[in-house]
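The values are calculated or read from the model by the stated rules, or taken from the named source; none is laboratory data. If you're wondering where the values come from, they're calculated on a predicted model, not measured in any experiment. For neighbour counting, all protein chains shown are included, and Cβ atoms are generated from backbone atoms with ideal geometry for every residue, glycine included.
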Amino acid sequence: MPLSESTVSAVTQALAEASVTAEAQSLSHGTTLLRMGVPLAADAQTVWDHLTQPELLARWSPIVPDRPLTEMGPAVSRETSEGPAVDARVIEVAPGQVLRHAWGGEGEVLWEITAVPLDESAAAEVGAACVLTVTQTFTRRDLVPPTAAGWHVCLAVLSLLMEGREVERVVGEDAMAVGWEALRDAYERGFVEAD
């Protein structure tokens, strides 16, 4: 089922306005690190729940595990109920701060939540704030730009959800409707220039 017009419009606007940062770093032993961050208008616990609870991950992420990602050990993830199973084994957990898990056969994903202190007026306006950082390792550099574009779309959706906006999940082919290809191309150019 195609995305609603309201989701396409909201996510496209969020992609243009979101303060998503991204960098790729080649390491000497043939791996590449992709690090992305986004400020969110939510407290660390709310963001933690959106990283670890399957029903909340299913609202914004390509990672929908078969169990909450709150304890170390085996886990299997699927993007859709019909999709292939992917290893999402939890490797490290520090509740409300750090989650590290496997991502299929292509490295690991590390999530870090950092609370942002707010002055009184900002706290009254947004309630709470934090920065969510995702770092993913790759053995194939060609996967970095398309993955960065995918995470950028997902982080934009998450940021809308944290603002209380109701939007649909945008993963897989649906991401084409919000400009995934242009994002991928921009990341490809940007990461090449940064090398």
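Looking at (1) over 20 Å from residue 187 (Cβ atoms); (2) under 16 Å from the mean Cα position of the chain (by Cα); (3) surrounded by 20 or more Cβ atoms within 10 Å (Cβ to Cβ), which is the one condition that is false for residue 14?
Among (1) over 20 Å from residue 187 (Cβ atoms); (2) under 16 Å from the mean Cα position of the chain (by Cα); (3) surrounded by 20 or more Cβ atoms within 10 Å (Cβ to Cβ), residue 14 violates only (1).
Out of everything in segment 160-195 that is outside any helix (DSSP H, G or I) and not charged (D, E, K, R), what residue ends up being farthest from residue 137 (Cα to Cα)?
Filtering segment 160-195 for residues that are outside any helix (DSSP H, G or I) and not charged (D, E, K, R), the one farthest from residue 137 (Cα to Cα) comes out as 164.
Yes or no: residue 60 touching a Lys or Arg at 6+ places or on another chain (Cβ under 8 Å) and either modelled with pLDDT under 95 or surrounded by 21 or more Cβ atoms within 10 Å (Cβ to Cβ) (or both)?
yes
Using beta carbons and a limit of 8 Å, which pairs, at least six apart or on different chains, have the first residue in segment 166-195 and touching a residue at least 24 places away in the same chain (Cβ under 8 Å) and closer than 17 Å to residue 7 by Cβ and the second one crowded, with 18+ Cβ neighbours inside 10 Å and among the polar types (S, T, N, Q)?
So the pair list comes out as 167/7; 168/7; 169/61; 170/7; 171/61.
Go through segment 84-109 and count every residue that is surrounded by fewer than 17 Cβ atoms within 10 Å (Cβ to Cβ), out of contact with any Asp or Glu (no Cβ under 8 Å at 6 or more places or on another chain) and free of Cβ contacts under 8 Å to residues at least 24 places away in the same chain.
Selection size over segment 84-109: 5.
Return the total of residues in segment 125-159 being in a helix (DSSP H, G or I), buried (at least 18 other Cβ atoms within 10 Å of the Cβ) and either at pLDDT below 95 or not hydrophobic (A, V, I, L, M, F, W, C) (or both).
The qualifying residues number 6.
Of the residues 52, 31, which single one is surrounded by 15 or more Cβ atoms within 10 Å (Cβ to Cβ), over 17 Å from residue 160 (Cα atoms) and among the β-branched types (Val, Ile, Thr)?
52
From the list 96, 104, which residue is farther than 27 Å from residue 183 by Cα, assigned to a loop (DSSP other than H, G, I, E, B) and small (Gly, Ala, Ser)?
After applying the criteria, what remains is 96.
Which condition from (1) of a type outside the set (Val, Ile, Thr); (2) in a strand (DSSP E or B); (3) without any contact (Cβ under 8 Å) to a residue 12 or more places away in the chain is the one that residue 81 breaks?
Residue 81 satisfies all of (1) of a type outside the set (Val, Ile, Thr); (2) in a strand (DSSP E or B); (3) without any contact (Cβ under 8 Å) to a residue 12 or more places away in the chain except (2).
Considering each residue of segment 170-183, count those that are surrounded by fewer than 19 Cβ atoms within 10 Å (Cβ to Cβ) and either among the aliphatic types (A, V, I, L, M) or under 15 Å from residue 147 (Cβ atoms) (or both), and give that number.
Number satisfying all stated conditions: 5.
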